[in-house]
Amino acid sequence: MRSPYCRALEPTPGHLLIVAGTRPEAIKLAPIVSALLADGRLPLTVVAAGQQSLEVSRVFDQWGLYAMHLPQLPSYGHWRAAEREQRHRLRALFRALGADAVMVQGDTWSAYAAARAAAELERPLIHVEAGLRSPDPRDPYPEDALRRLISRRAWRHYAPTGSAREALLAEGVDDAQIEVSGSTAVDALRWLLARAQQPTWEDERVDLMVTLHRRENWDSGLDLVCRALDQVLQERPALRVLWPLHSNTRLAQRVRDQLGQQPGVRLCEPLPHDQFIARLRACGRILSDSGGVQEELPYLGAAGLIVRRCSERPQSVASGHARLCAASDPGFAEALRQLLDRDRPARMPFEQTSPWGDGLAGTRIARSVVAALLARRAPPAQALALPA
């Protein structure tokens with residue numbers, strides 16, 4: 001059965017366009033889309049922007065949501081070229097559909113392209129997961145820089161934490177434009193856990209999961225991680241590792257070349273989010289550079305070694321669920337051993353006092369967006385004419 005949301009595909013002036021380029025964006029936007037549809041007062045169109053088409057489709061399909069798909073973008077030598085092409089076609093789409101406002105999430109070049117297209121057409125921009133800042137604006141590159149550039153163009157900022165709000169205030173954003181909502185990644189996690197999904201491979205034991213995809217690890221970082229893993233596996237032949245490979249075929253092949261013959265490592269295609277969470281929940285340990293994983297760890301009672309020099313998500317480090325260590329660090333292999341040997345940290349509840357909120361951010365954001373856009377569209381109050 002087609003979703004009633006399909007009605008929003010008509011080019012109706014005055015509706016909200018929500019742009020998702022990557023799988024993490026889709027995961028974190030899906031709770032907001034669901035809440036907006038449940039409210040029903042705003043016509044909206046979700047656009048799968050063609051950066052990771054298949055992965056975005058799978059996420060929205062799981063949530064029972066429909067997206068308008070732009071063609072998959074070709075592979076470009078540099079993200080700037082991809083952003084330019086993305087911006088041009090999003091600008092044409094926004095104009096054709098009569099978008100009244102645009103929503104983006106996070107720090108990808110698709111989000112940045114949509115933000116620039118909205119600014120060029122003078123459409124108000126809504127930024128979800130706003131205000132996260134790395135201690136070093138150049139690390140991670142270009143994500144931290146893109147997030148800051150998106151913030152300069154935003155009309156409404158939905159900050160996941162109080163510290164994200166403080167970062168926006170320090171950059172001169174008006175407090176009236178900021179709302180601390182919590183993280184919608186936690187909404188998606190809460191939604192999945194309520195469905196009690198089970199691991200796909202019932203009889204397979206997994207001691208450690210691995211994901212690696214961020215640009216800062218594309219060069220030597222990926223190879224250093226593979227070498228450290230191989231070293232630890234030589235020391236611990238009973239260790240069982242599951243590595244869902246990234247959709248970037250060049251990165252995936254480099255992992256296969258180095259670990260494909262290692263009997264302790266299972267390499268697989270990217271897992272649907274529910275299967276990934278089920279595996280991480282059962283295993284309790286992950287080696288990753290993912291921002292979303294850092295937010296999920298406290299609520300799964302899982303520990304992560306985050307393959308980065310610094311992070312815009314220090315809350316998960318402070319809670320004891322994550323530890324930062326760059327692949328180039330001389331102590332990286334030892335940090336991996338310590339991850340394997342440590343006890344699982346306590347699972348944190350879905351409460352507003354938890355590091356990333358209570359898992360109800362999507363409803364909170366949807367309510368705020370509806371109120372803000374309806375107020376913006378309302379005609380100005382007319383002065384009463386006094387009788388003569």
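The values are calculated or read from the model by the stated rules, or taken from the named source; none is laboratory data. These numbers come from a predicted model, not from an experiment. Reconstructed Cβ throughout: ideal geometry from the backbone, glycine too, with neighbour counts over all protein chains shown.
Please find, among Ala35, Ala20, the residue that is assigned by TED's automatic domain parsing to the domain that holds Arg364, modelled with pLDDT of 95 or more, touching a helix residue (DSSP H, G or I) at 6+ places or on another chain (Cβ under 9 Å) and more than 17 Å from Ala92 (Cα to Cα).
When all the criteria are applied, what remains is Ala35.
Can you spot a residue in the range 162-178 that is touching a helix residue (DSSP H, G or I) at 6+ places or on another chain (Cβ under 6 Å), among the polar types (S, T, N, Q) and in contact (Cβ under 8 Å) with a residue 40 or more places away in the chain? Within the range 162-178 (the criterion being touching a helix residue (DSSP H, G or I) at 6+ places or on another chain (Cβ under 6 Å), among the polar types (S, T, N, Q) and in contact (Cβ under 8 Å) with a residue 40 or more places away in the chain), the answer is no, since none of the residues qualifies.
Only one entry of Ser319, Ser354, Ser290, Ser328 meets the criterion of being among the small types (Gly, Ala, Ser) and in contact with a strand residue (DSSP E or B) (Cβ under 6 Å, 6 or more places away or on another chain), and that entry is Ser290.
Looking at (1) assigned to a helix (DSSP H, G or I); (2) over 20 Å from Val56 (Cβ atoms); (3) of a type outside the set (Lys, Arg); (4) touching a helix residue (DSSP H, G or I) at 6+ places or on another chain (Cβ under 8 Å), which one does Asp274 not meet, given that it meets all the others? Of (1) assigned to a helix (DSSP H, G or I); (2) over 20 Å from Val56 (Cβ atoms); (3) of a type outside the set (Lys, Arg); (4) touching a helix residue (DSSP H, G or I) at 6+ places or on another chain (Cβ under 8 Å), only one is false for Asp274: (2). Quick one: in the range 72-124, of everything that is of a type in the set (Asp, Glu) and closer than 24 Å to Leu54 by Cβ, which residue is nearest to the chain's Cα centre (by Cα)? It comes out as Asp107. Of all the listed residues (Leu169, Leu189), the sole one being hydrophobic (A, V, I, L, M, F, W, C) and in the same structural domain as Asp100 (by TED's automatic domain parsing) is Leu169.
Residues Arg116, Arg91, Arg84: which one is in the same structural domain as Lys28 (by TED's automatic domain parsing), part of a helix (DSSP H, G or I) and surrounded by fewer than 18 Cβ atoms within 10 Å (Cβ to Cβ)? Matching residue, one of Arg116, Arg91, Arg84: Arg84. All of Leu54, Leu44 fail the test of being aliphatic (A, V, I, L, M), touching a residue at least 12 places away in the same chain (Cβ under 8 Å), buried (at least 18 other Cβ atoms within 10 Å of the Cβ) and assigned by TED's automatic domain parsing to the domain that holds His157, apart from Leu44.
Taking the conditions (1) closer than 27 Å to Gly64 by Cβ; (2) of a type in the set (A, V, I, L, M); (3) crowded, with 16+ Cβ neighbours inside 10 Å in turn, Ala282 satisfies each one other than (3).
Listed by position, the helices (runs of 4 or more DSSP H) inside the range 277-388 whose residues that are over 26 Å from Leu245 (Cα atoms) and among the hydrophobic types (A, V, I, L, M, F, W, C) number at least 1 are 314-318, 361-377.
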